[in-house]
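As C-alpha cells, the structure follows; a few thoughts come after it.
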Amino acid sequence: MTAISNEKIPNNVNLSEDKKLQRALEQWQPSFLNWWNQMGPEGFQARDVYLRTAISTHVDGWAHYDFVKMPEYRWGIFLADAVPDRKIGFGDLLGQPVWQDVPGEHRNTLRRLIVTQGDTEPASVEQQRLLGQTCPSLYDLRNLFQVNVEEGRHLWAMVYLLHRFFGRDGREEAEGLLERRSGNQDKPRILGAFNEPIDDWLSFYMFTMFTDRDGKYQLLALAESGFDPLSRTTRFMLTEEAHHMFVGETGVQRVVQRTAELMKQDKNEDARAQGGIDLPTLQKYLNLWYSLSLDLFGSEVSTNAASFFAAGLKGRAKEEKFEDHLAMEGVYPMEVPAAGTGALEKQDVPLRNAMNEVLRDGYVEDCQRGVDRWNKVLADRGISFRLTLPSRRFHRQQGIFSNGLHFDPSGKPLSKDEWARRKDEWLPSAADRAYVKSLQAKAVVEPGKIQNWVAMPPKGVNAQAPEFEYVRA
Ligand code: BYC
Ligand code: FE
Ligand code: FE
C-alpha cells in the first residue's frame, strides 16, 4: 500500500501525480469544509468523537479507530482495486472491455447518474444535523456521527469522479452538490426521500435501515457499470454502507426489544403507558420510510432504466447471478393500473424496461429479512404482534402507483377520500410524531445511560464496552 495518510487529501488514486486535478480538488476542499461546518452535525463539531477512518481499501485494515474532531476527519478518495481485464457484464456491449474514461455518447447520462448519487450523500447529513441534540445515548451519538462523516466521504467519492472525468461541467456539478439543500423549496435535493425531515431518532433508525439500503442496491447496480472508475469507487463505498444499515437494523431492533420489555411490565401491555413506543406506532414509521425508499428505485416501467442497462452504465445487483445478461427477450409480469380507471391489470413488461423493479425485488427481500429478525424478538418475548412491510403500492410518489392513486398497506385500491380519512392509521400522525419526540426531549450523554424507549446495545464499537465514553465532553 502506498503512503497516503500525510497528504492533504488522503487517496489511493495517485493524486499527487495529477497536479491539475489535485489543485482543483484542493480548491473544492474548503467549500466542502464550509458546507460541513454550516450544515453538518450541529453543536458537536469541537468534540472528540471515537470514529473509524478509511485508510486503505484492503479488507484486513481499511479502518482506523481513534478520537477525532469531525471537521478534522480525514475524508479521502479510495477506489477498490481494479479487476484485471474486467469486461462489461451486461447489455448491448456485453463482453467488451470496460472503459477507463467516459465515452462521449454517455457523458451526460453518466454525469447525471453520478450527480444523483452524489446529491443524496450531503442531503442525508443535512437531514440529520440536529439529531445530536436529542441523542438517546453516547453510543448512538457516535454512530450518528460515524454515518455522517462517511456520507461526507461518499460525497468526496462522487466529486472525485466529477472533477477527474467531466472537466468544467463536472466542477460546476461539484459546486452544485454543496449548494442544494435538503427540504429547501428553492433549491431542494434531487430525490424525494432526501427532502423529508429526519427529526427524531426513530426516523433516523428507519432511514438507515430502509433508505441507506436503497443506497446499497443502487451502489450494487453502479458497481456493475462499464465505466470502471465508477464501479471501483462504489465497490469501496459498499463496505462502509454495511455499517449504516447495521445502525438502522439494530437501532429498530433495540426499540422493538425495549417496547416488548415495557409491554411486559404493564398490566395492559401498554408500551406508551410505560414511556415507550407502541408497536402500531413503530409500524407507521416503518410504513413511511419503506414507502419513501421504494420511490428511490424510480418507476416500475422505465425507459431510462432500459437505456442505462443497454448502454452498460448501470446493471442489476450482482449481475453475475443472472443467466441472461442481454435481457432482450424476457418479460416481467406486473400488475399495472389501467389508464383512467386505475384498476389493476396484468401486463408483461419487456425485461429491460423493468430493471428498476428487478432491483427493487432484491431490496424488498433484503428488507424482509431484517423485519423477520425484529419479529423474532417479539416472538421470543411472547408477543403476538408482527411488523410487516406494506404493499409496494402503498403511499407511492413515484412510478405507476403514484399520480393520484391510493392503496392501503395490503395493496387494496382506495378512493381519494378514503385515503385522506384513513391515512393517519398507517402513517405517523402529527400526534404520533409529537409523542415520539417527547420521549427524546432531553439528550442522554452520560456514559452507560440511555433514554427509556430504546434498549442498550449488546456490544459496543470496535471491542469497546457499550458504556465507553464515545463522545468526550
Ligand atoms: N424522487 O424512469 P424513472 C444513497 C425522476 S441512496 C425524485 O422513474 P429512473 C444514500 C427521475 O430522475 C442511492 N425524482 O427513474 C442513502 C426521472 O427524471 P427525468 C442514490 C425521481 O431514471 C442514504 C423521472 O423521475 N443513488 O446512496 O430509471 C443516505 C423518471 O424516472 C425519483 C441513486 O439514485 C425520486 N424518488 O431512475 C445517503 C443512483 N425517482 O429524467 C445516501 C443514481 C425517479 O424525467 N440514480 N425520479 O428528469 C439512478 O439510478 C436513477 O436516477 C434513479 C431513477 C434510480 C433514482
Ligand atoms: Fe452514502
Ligand atoms: Fe449510507
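Derivation of every value follows stated rules applied to the coordinates shown; laboratory data play no part. Keep in mind the model is a prediction, meaning the values are calculated, not measured. Every residue, glycine as well, gets a Cβ built from its backbone with ideal geometry; the counts of neighbours run over all protein chains shown.
Condition first: farther than 16 Å from residue 172 by Cβ and within 16 Å of ligand 2 (Cβ to nearest atom). Now tell me which residues in segment 88-121 satisfy that.
Answer for segment 88-121, where residues must be farther than 16 Å from residue 172 by Cβ and within 16 Å of ligand 2 (Cβ to nearest atom): 113, 117, 120, 121.
Taking the stated definitions as given, is residue 157 touching a Lys or Arg at 6+ places or on another chain (Cβ under 7 Å) and either among the aliphatic types (A, V, I, L, M) or away from ligand 2 (no atom under 15 Å from the Cβ) (or both)? So that I can check it myself, show each step before the final result.
Values: touching a Lys or Arg at 6+ places or on another chain (Cβ under 7 Å): no; either among the aliphatic types (A, V, I, L, M) or away from ligand 2 (no atom under 15 Å from the Cβ) (or both): yes.
Against the criterion (touching a Lys or Arg at 6+ places or on another chain (Cβ under 7 Å) and either among the aliphatic types (A, V, I, L, M) or away from ligand 2 (no atom under 15 Å from the Cβ) (or both)), residue 157 does not qualify.
Which number in (1) surrounded by fewer than 19 Cβ atoms within 10 Å (Cβ to Cβ); (2) closer than 23 Å to residue 187 by Cβ; (3) hydrophobic (A, V, I, L, M, F, W, C); (4) within 16 Å of ligand 3 (Cβ to nearest atom) marks the one condition that residue 63 misses?
With respect to (1) surrounded by fewer than 19 Cβ atoms within 10 Å (Cβ to Cβ); (2) closer than 23 Å to residue 187 by Cβ; (3) hydrophobic (A, V, I, L, M, F, W, C); (4) within 16 Å of ligand 3 (Cβ to nearest atom), residue 63 is out only on (2).
Filter segment 30-67 down to residues that are part of a strand (DSSP E or B) and more than 24 Å from the chain's Cα centre (by Cα) and give me whichever is nearest to residue 471 (Cα to Cα). First the steps, then the outcome.
Here is the first cut: in segment 30-67, the ones part of a strand (DSSP E or B) are 48-54, 63-67.
Retained after the next criterion (residues that are more than 24 Å from the chain's Cα centre (by Cα)): 48, 66-67.
Values: 48: 6, 66: 11, 67: 8 Å.
This residue is 48.
Would you tally the residues in segment 68-92 being assigned to a loop (DSSP other than H, G, I, E, B) and farther than 19 Å from residue 41 by Cβ?
Within segment 68-92, residues that are assigned to a loop (DSSP other than H, G, I, E, B) and farther than 19 Å from residue 41 by Cβ number 15.
Give me a count of the residues in segment 111-132 that are more than 9 Å from ligand 1 (Cβ to nearest atom), among the aliphatic types (A, V, I, L, M) and touching a helix residue (DSSP H, G or I) at 6+ places or on another chain (Cβ under 7 Å).
Final tally of qualifying residues: 1.
Of all residues in segment 231-248, how many are away from ligand 3 (no atom under 13 Å from the Cβ) and out of contact with any Ser or Thr (no Cβ under 7 Å at 6 or more places or on another chain)?
Total meeting the criteria: 3.
State whether the residues of segment 157-174 include one that is away from ligand 1 (no atom under 13 Å from the Cβ), touching a strand residue (DSSP E or B) at 6+ places or on another chain (Cβ under 7 Å) and within 26 Å of residue 27 (Cα to Cα).
First, the residues of segment 157-174 that are away from ligand 1 (no atom under 13 Å from the Cβ): 159-160, 162-174.
From what's left, touching a strand residue (DSSP E or B) at 6+ places or on another chain (Cβ under 7 Å): 160.
Retained after the next criterion (residues that are within 26 Å of residue 27 (Cα to Cα)): 160.
The answer is yes; a qualifying residue exists.
Test of understanding: among 437, 416, which residue is farther than 21 Å from residue 248 by Cα and surrounded by fewer than 17 Cβ atoms within 10 Å (Cβ to Cβ)? Can you show your working first?
Details: 437 fails: farther than 21 Å from residue 248 by Cα.
Answer to the selection: 416.
Scan segment 37-77 for residues that are without any contact (Cβ under 8 Å) to a residue 24 or more places away in the chain and acidic (Asp, Glu) and report the count.
Of the residues in segment 37-77, 3 are without any contact (Cβ under 8 Å) to a residue 24 or more places away in the chain and acidic (Asp, Glu).
Would you mind finding the one in 445, 471 that is under 30 Å from residue 52 (Cα atoms) and in contact with a Lys or Arg (Cβ under 7 Å, 6 or more places away or on another chain)? Break it down into steps so the answer makes sense when it comes.
Working: 445 fails: in contact with a Lys or Arg (Cβ under 7 Å, 6 or more places away or on another chain).
When all the criteria are applied, what remains is 471.
Within the group 104, 95, 91, 118, which residue is without any contact (Cβ under 8 Å) to a residue 60 or more places away in the chain and crowded, with 23+ Cβ neighbours inside 10 Å? Break it down into steps so the answer makes sense when it comes.
Numbers: 104 fails: crowded, with 23+ Cβ neighbours inside 10 Å; 95 fails: crowded, with 23+ Cβ neighbours inside 10 Å; 91 fails: without any contact (Cβ under 8 Å) to a residue 60 or more places away in the chain.
Matching residue, one of 104, 95, 91, 118: 118.
Tell me, which residue of segment 318-358 that is part of a strand (DSSP E or B) and of a type in the set (Asp, Glu) is farthest from residue 308 (Cα to Cα)? Quick ask: steps written out before the conclusion?
Residues of segment 318-358 part of a strand (DSSP E or B): 331-337, 344-350.
Okay, now just the ones that are also of a type in the set (Asp, Glu), so 335, 345, 348.
Working: 335: 24, 345: 27, 348: 20 Å.
Selected residue: 345.
If residue 286 passes every condition in (1) more than 16 Å from ligand 3 (Cβ to nearest atom); (2) without any contact (Cβ under 8 Å) to a residue 24 or more places away in the chain but one, which one does it miss?
Against the list (1) more than 16 Å from ligand 3 (Cβ to nearest atom); (2) without any contact (Cβ under 8 Å) to a residue 24 or more places away in the chain, residue 286 comes up short only on (2).
Looking only at segment 186-196, decide whether some residue is touching a Gly at 6+ places or on another chain (Cβ under 8 Å), under 25 Å from residue 228 (Cβ atoms), among the polar types (S, T, N, Q) and in a helix (DSSP H, G or I).
No, that holds for no residue.
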